[in-house]
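First the structure, in the form of structure tokens, and then the observations on it.
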Amino acid sequence: AGLRYTKDDKHLDQTVPFLRQLNRQFNKVNWAISADYKINDEMMIYGRVATGYKAGGLNARAVNDGFDPENLTSYEVGLKSELFDRRLRLNTALFYTDLKDIQRSQFLAGSGGTVSTTVNAGRARYVGIEVEAAAAVTDELTLSANFGYIDRKFTDFDLRDPATDDLVDIADDARFNGSASTTLSAAAEYRKPLPFGELGARLDYSYRSRVYYTTTELVNPFHETISDAPVGLLDARLTLSDIDLGGGKLAISGWVKNLTNEVHQLWGVDFGSLGFATVNYAEPRTWGIDLKVSY
């Protein structure tokens, strides 16, 4: 079990839209409690409940007096295991998170133009699962994989419509920006001792589902257009290491990233009423050679 006390004092000297001084104080006691039970020498189950806190703040260009803290409560249960004489590791976790008073940036329309402000928009819940596994198939070959899925839903999300200046609830349509709901990674690694060193080969695959960079079309007209489709990436590396070199060791590696040359994005920005949006693309297929000498 644990306790944490947090105290935040924030001060703003505001000159726009008019001169004033703002002060906000926030404090919070958060707690966590967990328990685990060892079924046998190979398996353990656990449970955890914890609360979290993100301080409120002040809006430098807005007329309002700032925004309140974000608070969450998370619940997690899981299983950790090492089976078959520790040749197979299998861990899994189920979690539920309740997030309140979500802090979100919004645009406010006024006679002086449009400004950005942060408000407490609403509430959300996350339900998810994570599974990870690693298997020593032979003394030379290791396989590993990780899977994650999270079902995220806003249960309340009030947004100010820039066209009407009215608050509307967009909970049913709002997206969580910047992260995917489904992720998967898998790897195969082979290591073989040689008379003059060690040979290593590794293949990595990663997948993520569609990613959104904005929350709603209400203020971002290119919301769907700049979202990035699901993508799977393959990386490969071949290494000769532990080669004797005059009292030192030499390692030579050849590698390829994005082996199948998939086109995918890193981020996108929708400038809303300005009428355009931009996206940043990730690197295409890239290859290289690494040399490493250690003494």
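The values are calculated or read from the model by the stated rules, or taken from the named source; none is laboratory data. Treat the numbers as computed from the prediction; the structure is a model and nothing was measured. Reconstructed Cβ throughout: ideal geometry from the backbone, glycine too, with neighbour counts over all protein chains shown. Quick note on the areas: whole protein, heavy atoms, side chains included, nothing else; ligands and nucleic acids left out. Shrake-Rupley method; radii C 1.70, N 1.55, O 1.52, S 1.80 Å.
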Selected residue (criterion: nearest to D8 (Cα to Cα)) from residues of segment 28-41 that are touching a residue at least 12 places away in the same chain (Cβ under 8 Å) and open to solvent by less than 80 Å² (accessible area, probe 1.4 Å): K28
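Taking segment 181-218 as the search range and keeping residues that are of a type in the set (A, V, I, L, M, F, W, C) and not in a strand (DSSP E or B), which one is surrounded by the most Cβ atoms within 10 Å (Cβ to Cβ)?
Applying the filter and picking the extreme gives L218.
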Pairs where the first residue, in segment 236-256, is on the phi < 0 side of the Ramachandran plot and the second is outside any strand (DSSP E or B) and open to solvent by less than 30 Å² (accessible area, probe 1.4 Å), C-beta under 8 Å, 6+ apart: none
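Could you list, in sequence order, the residues of segment 219-235 that are closer than 26 Å to R285 by Cβ and open to solvent by less than 30 Å² (accessible area, probe 1.4 Å)?
Scanning segment 219-235 gives I226, S227, D228, V231, G232.
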Hey, E82 in contact (Cβ under 8 Å) with a residue 40 or more places away in the chain, farther than 30 Å from Q21 by Cβ and open to solvent by 50 Å² or more (accessible area, probe 1.4 Å) or not: yes
Close pairs (9 angstrom Cβ cut-off, 6 or more residues apart or separate chains): farther than 30 Å from S105 by Cβ in segment 121-144, among the β-branched types (V, I, T) and open to solvent by 50 Å² or more (accessible area, probe 1.4 Å) anywhere: A134/T142; A135/T142; A136/T142; L143/V137
Members of segment 257-295 found to be within 29 Å of the chain's Cα centre (by Cα), surrounded by fewer than 16 Cβ atoms within 10 Å (Cβ to Cβ) and assigned to a strand (DSSP E or B), listed by number: L266, W267, V269, T278, N280, Y281, T286, W287, G288
